[in-house]
Amino acid sequence: MNKVGSTRERYRTGIFGFVVLTAVLFSRPAPEGIALGTMLVLLGLVIRTWSVGYEDRGNHLCTLGPYSMTRHPVVVGNIALTLGVAIATSTWYMALGVLLAGGWVYRQMVATREAELKERFGAAYDRWAEETPLLWPSVANLTLARGTFSWKRIFAREEWLVWVGMLGLIVVLWWIFFLQASGRWWF
């Protein structure tokens with residue numbers, strides 16, 4: 001990976017977090033937008049959690065559960081989260097900023113992960129990549145196996161922090177809505 005790519009990889013979470021925080025603080029949330037955004041955020045959280053529960057960063061290529069439908073189910077969950085936050089802000093220019101930043105971040109994540117998997121698993125990865133879509137899930141490909149999902153992985157990866165952060169963001173948007181409705185919000 002080149003220096004620019006590694007810099008993007010290193011700082012992507014902080015940059016995206018700053019964009020989301022700015023979008024939330026300068027948003028004009030409306031109840032309809034927050035409600036729809038919350039549904040997408042919850043969908044994204046469920047997809048992420050399901051994916052992390054299957055993801056084994058050991059010595060084999062994970063191709064079961066959500067990984068049988070898409071090569072990057074965590075990114076699919078992140079995209080749902082991003083769309084949810086963008087819609088919940090109820091401000092088109094803030095939503096656009098969140099979507100552009102998210103697109104940049106997720107493109108880097110996918111490119112990095114694809115290169116890592118190809119290098120690590122070679123021909124096995126190539127076969128899996130031929131059968132499994134990059135992002136858009138194929139439910140027809142779903143393969144479940146007993147004993148492969150693990151709650152331990154979810155807690156080890158601290159996935160609960162993502163739940164707390166995202167649901168906290170929704171609470172903040174409701175709080176901003178009520179402050180704006182009462183004339184007490186400064187933006």
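What about Gly168, is it surrounded by fewer than 12 Cβ atoms within 10 Å (Cβ to Cβ) and part of a helix (DSSP H, G or I)? The answer is yes for Gly168. The single residue among Ala86, Ala123, Ala80, Ala115 that is modelled with pLDDT under 90 and not polar (S, T, N, Q) turns out to be Ala86. Would you confirm, using the coordinates I've provided, whether Leu135 is part of a loop (DSSP other than H, G, I, E, B), within 15 Å of the chain's Cα centre (by Cα) and of a type outside the set (Phe, Trp, Tyr)? Yes; evaluated as a whole, the condition is true for this residue.
Pull up region 146-165, narrow it to residues that are not in a helix (DSSP H, G or I) and not small (Gly, Ala, Ser), then point me to the one that is farthest from Thr22 (Cα to Cα).
It comes out as Arg146.
Cβ separations smaller than 8 Å between residues 6+ apart or across chains give the following pairs from region 87-114 residues that are of a type in the set (A, V, I, L, M) and surrounded by fewer than 20 Cβ atoms within 10 Å (Cβ to Cβ) to residues that are part of a helix (DSSP H, G or I) and at pLDDT 80 or above: Leu96/Ala86; Leu99/Thr82; Leu99/Leu83; Leu99/Ala86; Met109/Val75; Met109/Asn78; Val110/Val75. Is one or more of the residues making up region 128-136 crowded, with 17+ Cβ neighbours inside 10 Å, under 23 Å from His60 (Cα atoms) and hydroxyl-bearing (Ser, Thr, Tyr)? Within region 128-136 (the criterion being crowded, with 17+ Cβ neighbours inside 10 Å, under 23 Å from His60 (Cα atoms) and hydroxyl-bearing (Ser, Thr, Tyr)), the answer is yes, since at least one residue qualifies.
Identify, from the list Ser150, Ser182, the residue that is of a type in the set (Ser, Thr, Tyr) and surrounded by 12 or more Cβ atoms within 10 Å (Cβ to Cβ). Only one candidate passes the filter, namely Ser150. When you check Met39 against the structure, is it of a type in the set (A, V, I, L, M, F, W, C) and within 30 Å of Ala181 (Cα to Cα), yes or no? Against the criterion (of a type in the set (A, V, I, L, M, F, W, C) and within 30 Å of Ala181 (Cα to Cα)), Met39 qualifies. The residue pairs whose first member lies in region 166-187 and is over 22 Å from Val19 (Cα atoms), whose second member is surrounded by 14 or more Cβ atoms within 10 Å (Cβ to Cβ) and among the acidic types (Asp, Glu), and whose beta carbons are closer than 6 Å, counting only pairs six or more residues apart or on different chains, do not exist in this structure.
The values are calculated or read from the model by the stated rules, or taken from the named source; none is laboratory data. None of these values were measured; they are calculated from a predicted model. When we count neighbours, we look across all protein chains shown, and the Cβ atoms used for this are built from the backbone with ideal geometry, even at glycine.
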